[in-house]
Amino acid sequence: MLTEDSKRMLKKLPPLILLLFMMSVTVSIANDYSIPEITIEVEILDDGTVRFTEHLTYVFDGSFSWADHRFPRKGFGEATNISVSEGNESYINNNSESPGTFSVSETDRNLIIKWHYSATDTTRTFTISYDLTGALSVGEEWVQFYWNYLASGRSRSTDNLTIQITLPEETSPETIYAWTRLPAENHSIAVNERGITLTGSDISRGQLVSIRSLFPRSLFDEALLPVNEPLLTLEMIMEEEEEIAAEMQRKAERDAFYASITQPVTLLLVAISIAVFIFFYQKYGKRHTTKTISDQQTILLPDRTKPAIIGRLLSHSTTTGNHLTATIFDLARRGWFSIHEEKKENRSSFSSESTQFRISVSDREPEEIGKLAAWEKQTIHYVKEQISGGTNTFDKLFTSKNFTKWYSQWMKEIKKEYDALNWIDSRSMTGLAIHLIIQLLLFLAAVAMLIFGSEFAVIGIVSTGIMCGASAAILRRTEEGETMFRRWNAYLKGLQNADKRTINMEMLGHHFIYATAFGISQKKITVILEKSSDDTAILFPWIVLMAGSNTTPATVASSISTLSASGTSSFSGSVGGSGASIGSAGGGASSGAG
């Protein structure tokens, strides 16, 4: 859900940018593709070269111009003779990105084949071919080819898969061995005189498709295929596979057990999670009663607590950019600064603002220096330092390279004064911490049930996740803090619903500053200031409008709202190929399009 600040930012985007944004969202929703069918032909030559020919059938919904195919640089020595084709058309290997071309690139982990075309609402089949050397593990009598044909975590699932492995020459099927990790319901695998055929269906994008195959070395030209794994024997591979099969059986039994207990355990976790929240809320978070304090909205200031401090109270004990902006306005109101409107020079064609506001140091320093809080002194020093350095417009005020560090220290001073007021019950903070730890443990237990059990555990994850977030409700204010909160919250509601009949004009400057601190929307601020168009100089002596300007405090509010939004964004970052091996498979391809 968009925050009020986000909504204000979106309202200020020029129409052209909004149009481009909406078009990009529409395109991203409309364009989609699938790769329902993959056929992989693997020919193993007598010199040990493994020749891949992969046919990828794409179904495009929308317009697309490129696709790629990538696999890890492990399990082989070198990839050569890379080509891309479509039917009888061969793509050209260059980097022009023109339709009918492809390129080959490498990262630290992957080899990437990328090709370019033009396709809209159609079905296309692309063929990628390449030769791999060093992909076989060669023993004295046996040769192993262990390969991941489809990676887990692919972008798309596969409806139909065919893998055909062809050997250099015919041999007895009894001398060919093949193992795969796919569930039995997803595939069938067959061995004949010339090799191995696997057919699969409904293979999810999270499933890894691998085949471990073993065949006699006598099928190859032994002079061209020297031994590189002298320990490789049929007995060793059979023993490994028997252990893997046993482990898979044990895993299947574990999965069945966890699946059988997922539902009752999940429901128990949900019940415990809710019960724990109720217990901790009743013990630590139940609000103090303040029967003598009215919740009825009002536009009367409860007292003269500084806007940054009371803003933190109404912001769940957090300090925001709005509080700093309100502090600068409050200091200007008290005579430390003045704000001047002027015509904006060299205005960008994308900007809807024709004026800008500069801040300057007042000619005479107020006499309240001894009454300033530490964080107010920090603000005055920072603004004066920016002005002396030539940065005196609001849109640049918070962009110095030292701002992040300064703002972090400023927030610490705000927190120090806020904590000293004892508005937050320290016992409730302890209760919140303990509650959060318990809920996190329950959340992790629900995640474990999802991993080892079934999708029913999602209910537990959502429930315990909500309860983790609900921990904030346990943080309780003291009786004094609750009294302050209710009085000021009634004032906040009054500002949000104020109109020109209810506003006290003499206090308009104060209302404006507190509205800024509370993050009230630009529209509401405009309503608050609407009636003051003829009395700006009297009601806002610290805002000097441009001579001859028809700017009203409502448009000043618009500028300040923009400042608050842009200022807040400034605060968001604050506080600161290998060869084959006996026991592991190479490869792991995945494909995409755009």
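The values are calculated or read from the model by the stated rules, or taken from the named source; none is laboratory data. Predicted model, so just to flag it, every value in this text is computed and none were measured. Note: ideal-geometry Cβ built from the backbone for every residue, glycine included; neighbour counts use all protein chains shown.
For this structure, a couple of remarks:
- From the list Leu182, Leu224, the one residue that fits, being buried (at least 17 other Cβ atoms within 10 Å of the Cβ) and either at negative phi or not aromatic (Phe, Trp, Tyr) (or both), is Leu182.
- Among the conditions (1) under 23 Å from Asn160 (Cα atoms); (2) out of contact with any Asp or Glu (no Cβ under 7 Å at 6 or more places or on another chain); (3) of a type outside the set (D, E, K, R), the only one that Gly62 does not satisfy is (2).
- Checked against (1) surrounded by 13 or more Cβ atoms within 10 Å (Cβ to Cβ); (2) at negative phi; (3) at pLDDT 90 or above; (4) in contact with a Ser or Thr (Cβ under 6 Å, 6 or more places away or on another chain), Ala190 passes all but condition (1).
- Among the residues of region 361-408, those that are within 14 Å of Asp330 (Cα to Cα), over 35 Å from the mean Cα position of the chain (by Cα) and surrounded by 12 or more Cβ atoms within 10 Å (Cβ to Cβ) comprise Val361, Ser362, Pro366, Leu372, Ala373, Glu376, Lys377, Ile380.
- Number of positions in region 87-125 that are of a type in the set (D, E, K, R), over 23 Å from Thr49 (Cα atoms) and surrounded by fewer than 15 Cβ atoms within 10 Å (Cβ to Cβ): 4
- Selection status of Asp108, under 30 Å from Ile176 (Cα atoms), of a type in the set (D, E, K, R) and under 32 Å from the mean Cα position of the chain (by Cα): no
- You will find that of His69, His55, the residue that is crowded, with 19+ Cβ neighbours inside 10 Å and closer than 30 Å to Tyr177 by Cα is His69 and no other.
- Set side by side, the residues Phe76, Phe102, Phe60 differ, and just one is among the aromatic types (Phe, Trp, Tyr) and touching a Gly at 6+ places or on another chain (Cβ under 9 Å), which is Phe76.
- Residues considered: Leu508, Leu436, Leu440. Of these, the only one that is within 22 Å of Ser521 (Cβ to Cβ) and of a type in the set (A, V, I, L, M) is Leu508.
- Exactly one residue among Thr327, Thr262, Thr305, Thr318 is hydroxyl-bearing (Ser, Thr, Tyr) and outside the structural domain of Leu508 (by TED's automatic domain parsing), and that residue is Thr262.
- Qualifying residue in region 458-465 (condition: under 23 Å from Thr320 (Cβ atoms) and either at pLDDT 80 or above or surrounded by 22 or more Cβ atoms within 10 Å (Cβ to Cβ) (or both)): no
- For region 146-169, filtered to residues that are in contact with a strand residue (DSSP E or B) (Cβ under 9 Å, 6 or more places away or on another chain) and among the charged types (D, E, K, R), the residue that is surrounded by the most Cβ atoms within 10 Å (Cβ to Cβ) is Arg154.
- Residue within region 277-296 that is aliphatic (A, V, I, L, M), surrounded by 18 or more Cβ atoms within 10 Å (Cβ to Cβ) and touching a helix residue (DSSP H, G or I) at 6+ places or on another chain (Cβ under 7 Å) present: no
- Check on Thr305, outside any strand (DSSP E or B), surrounded by 15 or more Cβ atoms within 10 Å (Cβ to Cβ), at negative phi and modelled with pLDDT of 80 or more: yes
- Any pair with Cβ under 7 angstrom, 6 or more apart, that starts in region 259-285 at a residue that is farther than 11 Å from Thr464 by Cα and ends at one that is among the polar types (S, T, N, Q) and assigned to a helix (DSSP H, G or I): Tyr284/Ser428; Gly285/Ser428
- Evaluated against (1) closer than 16 Å to Lys283 by Cα; (2) surrounded by 15 or more Cβ atoms within 10 Å (Cβ to Cβ), Met449 falls short on exactly one condition, (1).
- Out of Ile203, Ile196, sole residue that is of a type in the set (A, V, I, L, M, F, W, C), under 48 Å from the mean Cα position of the chain (by Cα) and modelled with pLDDT of 90 or more: Ile196
- Test: residue in region 55-63 that is under 30 Å from Thr171 (Cβ atoms), at pLDDT 90 or above, in a strand (DSSP E or B) and touching a Lys or Arg at 6+ places or on another chain (Cβ under 6 Å): no
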